[in-house]
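J.: Take a look at this one; I'll ask things after.
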Amino acid sequence: MAAVTLYDYPKSSASYRVRIALHLAGIDFETVNVNLLDGDQKSDAHLERNPQGLVPVLDIDGIRLTQSLAILEYLNDTRGLGLLPSDPKEKAISRALAYSIAVDVHPICNLSVMRHATGGQDPARTEWMHHFIRPGLAAFEKLLESSNNKTFCSGDTPGLADICLIPQLYNAHRWKVDYSDLKRICTVERLCEELPAFQNAKPE
Ligand SMILES: N[C@@H](CCC(=O)N[C@@H](CS)C(=O)NCC(=O)O)C(=O)O
């Protein structure tokens, strides 16, 4: 096994966040695919890694980590990624942006939640996704407008909020949620798309 192993599913937005951060840190890692559609996340082997039955799981520095936000903070602390502003007020605002997606929008759009709530079939599942993703992004746009006039979400380099936003936008594309009117978000998306770390982390 490589020194750094990510238990991953390409389309998982929580895994996508970790891939971006690993690339930003320039860390070589291998991925082990946990196929969520086949139910691999509930296999004994994966439950051994993460009793929550979720990806991502990251093996790094001799420890096993779960929870993408905790992993991002670990990489930030140990690899000096500068994902959060140093000013406490700016830091709180930056975390609030990131959490508005990672803690509020993403969990209700999770595969198991969506399937349980809708039966997992169209049109119910698409309606579910639209019901939560679009307002979540519109709120993010307002938070961005009111909190700063920076290049990326929280500064002139990509940070925690950008890393949470971009996978959520990928998800919005998948479900055909239109957010082209959300100009700040579209600007951040364009900027991130130019960066190799974001390009290399893409699901495809
Ligand atoms: N809070 C967790 C959420 C992880 C999560 O929801 N992962 C999804 C993929 S994005 C998953 O494994 N879903 C499997 C399932 O719902 O059965 C994190 O940020 O790591």
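The values are calculated or read from the model by the stated rules, or taken from the named source; none is laboratory data. On a predicted model such as this, the values are computed, not experimentally measured, just so you know. Using ideal geometry, Cβ is built from the backbone for each residue, glycine included, and neighbour counts are taken over all protein chains shown. Please note that ligands, DNA and RNA were not included when accessible areas were found on the heavy atoms of the full protein model with its side chains. Shrake-Rupley method; radii C 1.70, N 1.55, O 1.52, S 1.80 Å.
J.: Over the range 1-159, how many pairs of lysines fall under 23 Å by alpha carbon, counting only those 8 or more apart in sequence or from different chains? Intermediate values should be presented prior to the final figure.
T.: Numbers: LYS11/LYS42; LYS89/LYS142; LYS89/LYS150; LYS91/LYS142; LYS91/LYS150; LYS142/LYS150.
Lysine pair count for the range 1-159: 6.
J.: Still on this model: Using C-alpha positions alone, give me the convex hull volume of the range 88-200 per residue in cubic angstrom.
T.: On the way: hull volume 11.2 nm³, N = 113.
Considering the Cα atoms of the range 88-200, their hull volume per residue is 99 Å³.
J.: Excluding ASP59 itself, what net charge comes from residues whose Cβ is under 14 Å from its Cβ, given Lys and Arg +1 and Asp and Glu -1? Let's see the in-between values first.
T.: Details: positive: ARG49, ARG64; negative: ASP8, ASP28, GLU30, GLU48, ASP61.
For residues surrounding ASP59, the net value is -3.
J.: Okay, next question. Quick check: at a probe of 1.4 Å, how many percent of the accessible area of the chain sits on carbon and sulfur atoms?
T.: Working: 5200 of 9970 Å².
In the chain, the share of accessible area belonging to carbon and sulfur is 52 percent.
J.: Given the -39500 (n - 2.57) contribution per DSSP H run of 4+ residues, what per-residue ellipticity at 222 nm results for the chain, rounded to the nearest 500 deg cm²/dmol?
T.: Values: 9 runs with 106 residues, N = 204.
Computed ellipticity for the chain at 222 nm equals -16000 deg cm²/dmol.
J.: Hey, if you put +1 on the Cβ of every Lys and Arg and -1 on every Asp and Glu Cβ in the chain, which of LEU111, SER15, SER100 ends up farthest toward the positive end of that dipole?
T.: Among LEU111, SER15, SER100, the one farthest towards the positive end of the dipole of the chain is SER100.
J.: For the chain, what relative contact order do you get, as a whole percent, if you take Cα pairs closer than 8 Å and at least 6 residues apart?
T.: Numbers: 246 pairs, mean separation 48.9, N = 204.
Rounded, it is 24 percent for the chain.
J.: Quick check: the distance between the Cα centres of the range 3-44 and the range 139-204, to the nearest angstrom?
T.: So the two Cα centres are separated by 20 Å.
J.: Using Cα pairs under 8 angstrom and six or more residues apart, how large is the relative contact order of the range 88-200, in percent?
T.: Details: 91 pairs, mean separation 34.2, N = 113.
Relative contact order comes out at 30 percent.
J.: Taking the Cα atoms of the range 52-133, report the difference between the largest and smallest coordinate on each principal axis, in whole Å and largest first.
T.: 44, 33, 14
J.: Using a 1.4 angstrom probe on the protein heavy atoms only, line up GLU145, GLU204 by accessible area, largest first.
T.: Details: GLU145 100, GLU204 160 Å².
Result of the area sort, largest leading: GLU204, GLU145.
J.: Based on C-alpha coordinates, I'd like the Rg and Dmax of the chain, in Å.
T.: Rg then Dmax for the chain, in Å: 16.5, 47.
J.: Follow-up question, since we're still on this one. Using 1/(1 + (r/R0)^6) with R0 = 22 angstrom and r between the beta carbons of ARG79 and GLU30, what's the FRET efficiency to the nearest 0.05? Working shown, then result.
T.: Details: r = 18 Å, r/R0 = 0.81.
With R0 = 22 Å, the Cβ-Cβ based efficiency is 0.80.
J.: Ok, one more. For TRP128, TRP175, give the ranking by accessible area with the largest first, probe 1.4 Å.
T.: Reading off the accessible areas and sorting them downward yields TRP128, TRP175.
J.: Before I look further, what does the chain give for accessible area per residue, probe 1.4 Å, in whole square angstrom?
T.: On the way: 9970 Å² over 204 residues.
That works out to 49 Å² per residue.
J.: Now, a different point. What number, in percent, do you get for the relative contact order of the range 2-42 if the mean sequence gap of Cα pairs under 8 Å and at least 6 apart is divided by its residue count? Please list the in-between numbers first.
T.: On the way: 35 pairs, mean separation 20.9, N = 41.
Over the range 2-42, the number comes to 51 percent.
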